1. Give the number of residues within the range 29-65 that are buried (at least 17 other Cβ atoms within 10 Å of the Cβ) and in contact (Cβ under 8 Å) with a residue 40 or more places away in the chain.
2. Is it the case that the range 168-187 has a residue that's farther than 28 Å from Glu203 by Cβ, within 14 Å of the chain's Cα centre (by Cα), buried (at least 16 other Cβ atoms within 10 Å of the Cβ) and without any contact (Cβ under 8 Å) to a residue 40 or more places away in the chain?
3. Go through the residues of the range 75-89 one by one and say whether even a single one is among the hydroxyl-bearing types (Ser, Thr, Tyr), under 30 Å from Glu33 (Cα atoms) and modelled with pLDDT under 90.
4. Taking strands (runs of 3 or more DSSP E) that do not extend beyond the range 152-236, which have at least 2 residues that are at pLDDT 90 or above and over 25 Å from Gly299 (Cβ atoms)?
5. Do you know which residues across the range 81-90 are in contact (Cβ under 8 Å) with a residue 12 or more places away in the chain and part of a loop (DSSP other than H, G, I, E, B)?
6. Go through (1) under 19 Å from Ala193 (Cβ atoms); (2) crowded, with 23+ Cβ neighbours inside 10 Å and name the single condition Glu236 misses.
7. Any chance the range 20-39 includes a residue that's modelled with pLDDT of 90 or more, within 20 Å of Lys146 (Cα to Cα) and polar (S, T, N, Q)?
Amino acid sequence: MFLHYLRRAGCACRRRHLETLDVSSQRSEVKWEISIALPSGRSQSWSLRQTSTVGHLRTRAETFCGQRFLRLVTAEGRILTDPEDDLKVAGLKDGDTITAVRVEPKVAATLGAFALWCPEGDGIELRAWGDPETGGDSSAVQDQLKNVQKIQTTWSAFAAILADGAVVTWGDPTSGGDSSTVQDHSHVKQVQATSSAFAAIVEDGSVVTWGKRGFGATSFRVQGQLRNVQQVQATEFSFAAILSDGSVVTWGCQGAGGDSSRVQDQIQHVQQVQATSSAFAAILADGSVVAWGDPKSGGDSSAV
């Protein structure tokens, strides 16, 4: 009986000791006053632990503003980008005011999936959903999807251009979701897509392609001509590149605009190229129009 009493007394002492440590820990933990302000001047302050993260602060800001897509800017003009940083690591201090600026989200789509991102929303994570086989699952490359500026799509894959010119792809590997064969090429200026292939203009004016054969993914036949490329346009099956001298180079499915040999001598001094599903039309410097590709899709402009 006496031993039982000692055990109970010992447990009680240990419990009071732990409670005392917990209270002391809470008292010693420093909290900072951090304010979120809107451009309108409206603001709100919170008392936050130093161990709170930028992600936690963003959640508070989103609730306060009633907006999900915000850029958080410090008084020094720094943008808070990493949601895992705690307040101290992020360079904040007690009494700081953070300005929350709304940014406009954009959405891109394949046949069965969506991707939502903010070109100016540093620190805002891209979100993808829908059929995983057509790009609805970006988890394999999520850690690379930082500072996405533009997104282009095939029917089953996404290609994102980042701020540093790198390209990240996901979705059906055979339709452009796997760009591993062209990852040596950086500083991409533009990405265009057919239904199952991508073409990217890189910094030196050349073009790299990937995706499904027969849809423009293989450009070796014209690779020597793809120099000083200014713009690329696409049908569902073929690509057309406008060069700096105003000429046009085409490749892909021949019947859907990939073969422009019939009008090659006419497509000079080209100002703009547009496409239907299976044909191209070029506007020349003199205002005339030249078309090629499937006649049923606009490939014959002889009537105009």
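1. Applying the first criterion (buried (at least 17 other Cβ atoms within 10 Å of the Cβ)) to the range 29-65 yields 32, 34, 36-38, 48, 52-54, 57-58, 60-61, 64-65.
Then keep just the ones that are in contact (Cβ under 8 Å) with a residue 40 or more places away in the chain; that gives 32, 34, 36-38, 54, 57-58.
Residues that pass the stated criteria total 8.
2. no
3. Residues of the range 75-89 that are among the hydroxyl-bearing types (Ser, Thr, Tyr), as a first pass: 81.
Pick out the ones that are also under 30 Å from Glu33 (Cα atoms) and you get 81.
Right, trim to modelled with pLDDT under 90 and you get 81.
Taking every residue of the range 75-89 in turn, at least one turns out to be among the hydroxyl-bearing types (Ser, Thr, Tyr), under 30 Å from Glu33 (Cα atoms) and modelled with pLDDT under 90.
4. Values: elements: 157-162, 167-171, 188-193, 197-202, 207-211, 229-234.
The qualifying strands (runs of 3 or more DSSP E) are 157-162, 167-171, 188-193, 197-202, 207-211.
5. Filtering the range 81-90 down to residues in contact (Cβ under 8 Å) with a residue 12 or more places away in the chain leaves 81-88, 90.
Of everything in the range 81-90, those that are in contact (Cβ under 8 Å) with a residue 12 or more places away in the chain and part of a loop (DSSP other than H, G, I, E, B) turn out to be Thr81, Asp82, Pro83, Glu84, Asp85, Leu87, Lys88, Ala90.
6. Going through the list (1) under 19 Å from Ala193 (Cβ atoms); (2) crowded, with 23+ Cβ neighbours inside 10 Å, Glu236 breaks only (2).
7. Taking every residue of the range 20-39 in turn, none turns out to be modelled with pLDDT of 90 or more, within 20 Å of Lys146 (Cα to Cα) and polar (S, T, N, Q).
The rows are residues; the columns are (1) closer than 30 Å to Gly130 by Cβ; (2) in a loop (DSSP other than H, G, I, E, B); (3) hydrophobic (A, V, I, L, M, F, W, C).
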site	(1), (2), (3)
Ala61	yes, no, yes
Arg68	yes, yes, no
Leu92	no, yes, yes
Val107	yes, no, yes
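The values are calculated or read from the model by the stated rules, or taken from the named source; none is laboratory data. As the structure is a computational prediction, the values presented were derived from the model and not from experiment. Positions of Cβ are generated from backbone atoms using ideal geometry, with glycine treated the same way; all protein chains shown enter the neighbour counts.
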